[in-house]
Amino acid sequence: MSKGNGYKPGGRATRPTGRDMKTLAWLWRHPLVWSVPVVLVAGWARYGWLPVAYTLAGAVGVLVVWWRVHPPTFDRWVLPTLRAFKRRWWDYRGGLWGALLFECDLTRDNRLTGEVLVPRLERVRAVTPSIDVLRVRMVRGQDLRAWTDRSEALAEALCAHRVAVAKAKPGRLTVVVERENPFAVPLPAPEIPTSVEEVDLSALDIGDDEFGQPVLVSVTGTSHLFVAGATGTGKSSTIWGPLRQMGPMIRDGLVRVRVIDPKGGTETEIGKELFYRRAVTIEDALELLREAREDMKAAQQRLRGDKMRRAVLGPDSPQDLIMVDELAMLTAFASRGDRGEAIALLSEIMTQGRNTLFNVAGYVQEPSKDVVEIRELFTTRICLGVTAASHVDMALGDGARDRGALADEIPLDEEHAGIGFRVDKGSRLPRRLRLGHTTDEDITELVKRCAPLPPAGLAVVRNTGEVA
């Protein structure tokens with residue numbers, strides 16, 4: 001067929017879609033834009049303008065009273081909708097959105113029709129004042145890489161701190177626009193539950209994310225916690241925060257904490273009464289890991305004898321948590337023989353400890369493979385402020401920084417301590433978080449309330465390794 005017929009071999013049209021059809025399609029996608037005015041006009045025609053005005057005034061009055069009387073529920077149920085409406089029809093309105101993407105090289109030209117193809121903004125959510133979540137439908141010929149490569153330019157064009165992009169489903173993206181730092185003030189330390197029944201080892205609340213949701217970590221099952229962050233970025237909060245959340249279980253002997261602090265014990269000395277075992281040298285650390293491995297083997301033997309697949313948490317089978325502060329001292333900087341043994345012991349515990357309630361938490365400044373050879377065994381990862389862009393992907397997985405986890409851009413000062421990123425397991429989208437800041441007074445409170453008492457009549461192995 002000829003080009004004049006508006007058709008090209010292969011089924012590709014050479015004429016653009018008519019404006020009338022585009023308008024009808026737009027109205028179909030946004031029914032509230034025309035249905036609300038239609039209802040108001042119909043009410044005016046049937047009942048007169050006064051009842052309609054009273055109805056609108058009453059609705060506005062109810063919202064104002066709600067806003068003043070009970071701000072928490074208003075902010076939760078109403079304000080996000082109003083904020084999203086304002087952002088959708090003002091900040092991201094059609095002409096502005098198209099011009100924005102054009103300037104950031106995120107549009108495409110249709111060479112047959114001469115049209116400029118603009119990715120469609122399908123949905124805007126604004127759960128918090130600082131975060132917008134956009135659902136975008138890409139135009140044909142685009143992919144995720146095209147957007148991640150332009151995310152910094154998009155952030156500058158929007159005057160935003162950060163733009164993160166992830167694939168939602170084929171042809172559609174989730175774009176997170178962080179307008180400002182959502183963590184203006186430090187968060188308090190996690191609360192200590194009052195009883196064992198309030199503790200959930202699979203969901204320990206240690207902070208908040210950028211959407212105001214709790215940051216939950218697990219220290220049971222297949223979860224092994226890995227935290228990367230430069231000095232002064234708040235790694236200690238991921239040590240003491242979970243300990244405060246599980247405090248009653250430590251007190252009652254349902255959780256046994258074994259701590260390796262090879263920096264001379266400076267970090268953990270203040271809370272040493274909490275720990276079942278504690279090592280402050282490489283030699284003691286290896287002995288601690290050997291003992292943990294033997295306890296795990298003994299627990300496996302008991303399970304076989306009882307014909308059970310998994311231990312049940314209780315006084316006779318407590319949860320064992322091995323916390324290794326500055327993991328690199330064992331896996332990279334120890335002598336070759338000690339390094340190999342430490343890696344072998346940790347690997348054995350992490351791969352076999354699920355059924356016997358053994359889990360590991362490791363903390364490191366540089367998360368490279370050379371430093372942490374067993375990095376892939378850690379299933380839960382948090383990246384605080386780091387000194388190199390490459391450290392982000394090393395800590396959170398390939399592509400995390402391209403999707404918006406800019407942990408290397410977090411200022412390494414006290415004001416930003418505890419701010420970092422983790423990857424949402426469902427969407428694979430990085431979420432910024434802030435950990436609760438744990439002070440010396442908070443640790444002292446934890447020790448006073450939750451330090452376990454030794455069984456009467458038994459010898460006590462002290463943290464230094466000496467027998468009392």
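The values are calculated or read from the model by the stated rules, or taken from the named source; none is laboratory data. Given the structure is predicted, the values throughout are model-derived calculations rather than measurements. Quick reminder, even Gly has a Cβ in these numbers, built from the backbone with ideal geometry, and neighbours come from all protein chains shown. Each accessible area value is taken on the protein alone, full model and side chains, heavy atoms only, with ligands, DNA and RNA left out. Shrake-Rupley method; radii C 1.70, N 1.55, O 1.52, S 1.80 Å.
Output the residues belonging to region 182-192 that are out of contact with any Lys or Arg (no Cβ under 9 Å at 6 or more places or on another chain) and either within 25 Å of ALA388 (Cα to Cα) or in contact (Cβ under 8 Å) with a residue 40 or more places away in the chain (or both).
Hits for region 182-192 are ALA184, PRO188.
Where residues in region 357-390 are among the polar types (S, T, N, Q) and open to solvent by less than 10 Å² (accessible area, probe 1.4 Å), which of them is farthest from ASP325 (Cα to Cα)?
Looking at the filtered set, the residue picked out is THR380.
Within region 217-251, track down each residue that is assigned to a helix (DSSP H, G or I) and open to solvent by 20 Å² or more (accessible area, probe 1.4 Å).
Matches in region 217-251: GLN245, ARG251.
From ASP200, ASP149, which residue is surrounded by fewer than 20 Cβ atoms within 10 Å (Cβ to Cβ), within 29 Å of SER368 (Cβ to Cβ), modelled with pLDDT of 90 or more and not basic (Lys, Arg)? It would help to see each step written out before you state the result.
Details: ASP200 fails: within 29 Å of SER368 (Cβ to Cβ).
So the residue among ASP200, ASP149 that is surrounded by fewer than 20 Cβ atoms within 10 Å (Cβ to Cβ), within 29 Å of SER368 (Cβ to Cβ), modelled with pLDDT of 90 or more and not basic (Lys, Arg) is ASP149.
Considering SER218, SER202, SER223, SER151, which residue is out of contact with any Pro (no Cβ under 7 Å at 6 or more places or on another chain), of a type in the set (Gly, Ala, Ser) and within 23 Å of THR439 (Cα to Cα)?
None of the other options fit; the residue is SER218.
Scan region 303-325 for residues that are surrounded by 14 or more Cβ atoms within 10 Å (Cβ to Cβ) and outside any strand (DSSP E or B) and jot them down.
The answer is LEU303, ALA311, LEU313, PRO318, ASP325.
Give the residue that is nearest to ASP209 (Cα to Cα), with candidates limited to residues of region 119-131 that are buried (at least 18 other Cβ atoms within 10 Å of the Cβ) and at pLDDT 90 or above.
So the residue we want is VAL124.
Which one of these is more than 30 Å from PRO411 (Cα to Cα), of a type in the set (A, V, I, L, M) and touching a strand residue (DSSP E or B) at 6+ places or on another chain (Cβ under 7 Å): ALA292, ALA328, ALA298?
ALA292
Taking into account only those residues within region 393-428 that are open to solvent by less than 10 Å² (accessible area, probe 1.4 Å) and farther than 25 Å from VAL185 by Cβ, which is modelled with the lowest pLDDT?
Here the residue is ALA400.
Between ARG403, ARG381, ARG434, ARG428, which is assigned to a strand (DSSP E or B) and farther than 24 Å from ALA334 by Cβ?
When all the criteria are applied, what remains is ARG434.
Among the residues that make up region 374-382, is at least one of them within 30 Å of LEU406 (Cβ to Cβ), hydroxyl-bearing (Ser, Thr, Tyr) and modelled with pLDDT under 95?
Looking only at region 374-382, we keep the residues that are within 30 Å of LEU406 (Cβ to Cβ), and these are 374-382.
From the residues that got through so far, the ones that are hydroxyl-bearing (Ser, Thr, Tyr) too are 379-380.
Then keep just the ones that are modelled with pLDDT under 95; that gives 379-380.
Within region 374-382, one or more residues are within 30 Å of LEU406 (Cβ to Cβ), hydroxyl-bearing (Ser, Thr, Tyr) and modelled with pLDDT under 95.
Which numbered condition trips up THR194, out of (1) out of contact with any helix residue (DSSP H, G or I) (no Cβ under 9 Å at 6 or more places or on another chain); (2) open to solvent by 50 Å² or more (accessible area, probe 1.4 Å)?
(1)
For region 168-190, give me the residue count where each residue is surrounded by fewer than 18 Cβ atoms within 10 Å (Cβ to Cβ), more than 30 Å from THR438 (Cα to Cα) and not small (Gly, Ala, Ser).
Number of matching residues: 3.
For region 394-419, give me each residue that is in contact with a helix residue (DSSP H, G or I) (Cβ under 6 Å, 6 or more places away or on another chain) and within 24 Å of ASP149 (Cβ to Cβ).
ALA400, ARG401, ASP402, ALA405, ALA407, ASP408, ILE410
Given the structure, is GLU441 at pLDDT 90 or above, under 28 Å from ILE270 (Cα atoms), surrounded by fewer than 24 Cβ atoms within 10 Å (Cβ to Cβ) and not basic (Lys, Arg)?
When the stated conditions are applied, GLU441 passes them.
How about region 326-341: which of its residues are in a helix (DSSP H, G or I) and either farther than 22 Å from LYS235 by Cα or open to solvent by 10 Å² or more (accessible area, probe 1.4 Å) (or both)?
So the first thing to find is which residues in region 326-341 are in a helix (DSSP H, G or I), and the list is 328-331, 336-341.
Hits for region 326-341 are MET329, ARG336, GLY337, ASP338, ARG339, GLY340, GLU341.
Among the helices (runs of 4 or more DSSP H) lying completely within region 51-105, list those that include at least 3 residues that are modelled with pLDDT under 90 and surrounded by fewer than 12 Cβ atoms within 10 Å (Cβ to Cβ).
Details: elements: 71-77, 79-86, 94-103.
In region 51-105, 71-77 are the helices (runs of 4 or more DSSP H) which contain 3 or more residues that are modelled with pLDDT under 90 and surrounded by fewer than 12 Cβ atoms within 10 Å (Cβ to Cβ).
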